[in-house]
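A short worksheet on the structure shown next.
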Amino acid sequence: MPATVVGVRQVTDKEKLFTISLDNGKNIKHRPCQFVIVSISGVGEAPISISSPPTDSGKVIELCVRSVGNLTGAMHRLSVNDKIGIRGPFGNGFPIEKIEGRDILIVAGGLGLAPLRSLIKYVNNERKRYRRFILLIGARRPADILFKEEVTKWDEDPGIETHIIVDAAEPPWNKNVGVITGLFKYIDIDPLKTVAAIVGPPVMYRFVIRELLAKGIFEGNIFLDLERRMRCGLGKCGHCQINGIYLCQNGPVLSYLEAKKLQEAL
């Protein structure tokens, strides 16, 4: 689908948030934590998670992009009114039906907040359909925290139990310092009523999962986003295949009960 860049905002020194309008005027009808394939003529294509919730207008989507390669570098050079291509949405997304009427615990490490923003904003827009809403956010430095204004609003919202931590503090930071698992001591949960969602760097998963299991959360109620393995989105290139499973089709969101069978994924 041809699309147009209608907004560009620098969110950190490494990431930009692009607002994309589909030229055909149709609603993309995505689910939280799904992704699209972005293409730029003469450069190539790459999978990018959708950062905006489906409760916003699907005719406009937001993509948070870190410049790490040819395609993402080219995206960082885009300006308003530039044209790109969009395929998708792909992947299964987060099972939002499973969390209705339950407590939700979201754990976002680093750039993992980009795809989880779609879920956070979706749940916040539909607060009456859910119980407790707990949000744990980790970053390397205060300057690396994505969507700072939104994070501040979530932190100030009495309906969201927000805890934030950074690996290394810089003035005037006066909050938690350490790894994200250090935040679990601040939360008490009902394990039988809690569903957890985790996105972050691969090294984070096993330690966060250990904390969640120690809290008594069932393995089938812990969900991981393994989006880093995505490429074509169609199950053709084989890049995301693990033990016969194509994560772009059967994932990238899997429960820990499913993911632990795919040892390479963890």
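Structural remarks
- Residue identified as touching a helix residue (DSSP H, G or I) at 6+ places or on another chain (Cβ under 8 Å), β-branched (Val, Ile, Thr), surrounded by fewer than 22 Cβ atoms within 10 Å (Cβ to Cβ) and at pLDDT 90 or above among Val195, Val179: Val179
- So Val8, is it in contact with a helix residue (DSSP H, G or I) (Cβ under 6 Å, 6 or more places away or on another chain) and surrounded by 14 or more Cβ atoms within 10 Å (Cβ to Cβ): no
- For the stretch 44-67, the condition holds for at least one residue, the condition being that it is among the acidic types (Asp, Glu) and modelled with pLDDT of 95 or more.
- Of all residues making up the stretch 198-218, the number that are modelled with pLDDT of 95 or more, in a helix (DSSP H, G or I) and of a type outside the set (Phe, Trp, Tyr): 7
Here is a yes/no grid of residues against (1) outside any strand (DSSP E or B); (2) surrounded by 19 or more Cβ atoms within 10 Å (Cβ to Cβ):
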| position | (1), (2) |
| --- | --- |
| His163 | no, yes |
| Ala169 | yes, no |
| Leu183 | yes, yes |
| Ile189 | yes, no |
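- The listed residues are Ala197, Ala214, Ala169, and the only one of them that is under 20 Å from Leu116 (Cα atoms) and among the small types (Gly, Ala, Ser) turns out to be Ala197.
The values are calculated or read from the model by the stated rules, or taken from the named source; none is laboratory data. In this text, all values refer to a predicted model and were calculated from it rather than measured experimentally. All Cβ positions, even for glycine, are placed from backbone atoms using ideal geometry, and neighbour counts span all protein chains on display.
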